[in-house]
Amino acid sequence: MVTCASCSHENEAGVQFCDECGAKLEIHASVPASEKVAVGVSTGLPPSLSSGTASRSAKLVITRGGTNGKEFPLERSVDTHVGRWDPDGGSFPEIDLTGDDPEAKISRKHARIFIQDGDYYVEDLGSLNGTYVNRGSRLLPGSPERLKNDDEVVMGKTFFKVVLE
């Protein structure tokens, strides 16, 4: 069992997020390797292309469709999933847009942002309303696009500006 640091709920071993509050659970070295389970969406990319550490910090800033100006920092060492929180469906994204997407145009598991060779990329996860970069073609699942400073990313009806520092 894994105890949630946020709410003290006892969760089954191997889960990444608390069943009660949705907080990310810490897996400690004391957990036997046989109980450590990787949970996530398969992207079709080799593991070497789906992880890394960027040399600069980054964030998404809402520019239209949600709480304008709200910032979401992107972690450098892990994938960042974007979507809407849904404990019943098992969706606990790092960037939870539940309160910023009143029309529910963002899928529960909409997109992921990851680092490859020091650059940030966005990949659609098969969302209903799509992900677009700089108003280009809709991103296809499994076809990530590199992000640059000041890029515009549209998910559903929410617009973001990419800020690389």
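Before moving on, here are some points about what is shown:
- When the range 63-82 is limited to residues that are in contact with a helix residue (DSSP H, G or I) (Cβ under 9 Å, 6 or more places away or on another chain) and either closer than 26 Å to ASP119 by Cα or crowded, with 16+ Cβ neighbours inside 10 Å (or both), the one that is modelled with the lowest pLDDT turns out to be GLY66.
- Test for VAL61: is it outside any loop (DSSP other than H, G, I, E, B) and touching a Gly at 6+ places or on another chain (Cβ under 7 Å): yes
- Against the list (1) in contact (Cβ under 8 Å) with a residue 24 or more places away in the chain; (2) under 14 Å from the mean Cα position of the chain (by Cα), the condition THR67 fails is (2).
- Leading residue by the ranking (surrounded by the fewest Cβ atoms within 10 Å (Cβ to Cβ)) among those in the range 129-165 that are basic (Lys, Arg) and under 17 Å from ILE62 (Cβ atoms): ARG135
- Of all residues in the range 83-93 being closer than 22 Å to PRO141 by Cβ and surrounded by fewer than 21 Cβ atoms within 10 Å (Cβ to Cβ), the one that is modelled with the highest pLDDT: TRP85
- Residues that are part of a strand (DSSP E or B) and of a type in the set (D, E, K, R), drawn from the range 104-121: ARG112, ASP119
- Scanning the range 94-103 for residues that are surrounded by 17 or more Cβ atoms within 10 Å (Cβ to Cβ) and assigned to a strand (DSSP E or B) turns up at least one hit.
- Residues of the range 122-140 that are closer than 10 Å to HIS110 by Cα and either part of a loop (DSSP other than H, G, I, E, B) or not assigned by TED's automatic domain parsing to the domain that holds ARG108 (or both): LEU125, GLY126, SER127, LEU128, ASN129, GLY130.
- Restricting attention to the range 76-93, the residues being assigned to a strand (DSSP E or B), within 20 Å of PHE160 (Cβ to Cβ) and not small (Gly, Ala, Ser) number 3.
- Of the listed requirements (1) in contact with a strand residue (DSSP E or B) (Cβ under 8 Å, 6 or more places away or on another chain); (2) of a type in the set (Gly, Ala, Ser); (3) modelled with pLDDT of 95 or more, GLY142 misses just one: (3).
- For the range 109-120, a residue qualifies if it is surrounded by fewer than 19 Cβ atoms within 10 Å (Cβ to Cβ) and either at pLDDT 95 or above or not polar (S, T, N, Q) (or both), and the qualifying residues are ASP117, GLY118, ASP119.
- Selected residue (only one of SER77, SER91 is small (Gly, Ala, Ser) and in contact with a Phe, Trp or Tyr (Cβ under 8 Å, 6 or more places away or on another chain)): SER91
The values are calculated or read from the model by the stated rules, or taken from the named source; none is laboratory data. In this text, all values refer to a predicted model and were calculated from it rather than measured experimentally. With ideal geometry, Cβ positions are generated from the backbone for all residues, glycine too; neighbour counts draw on all protein chains shown.
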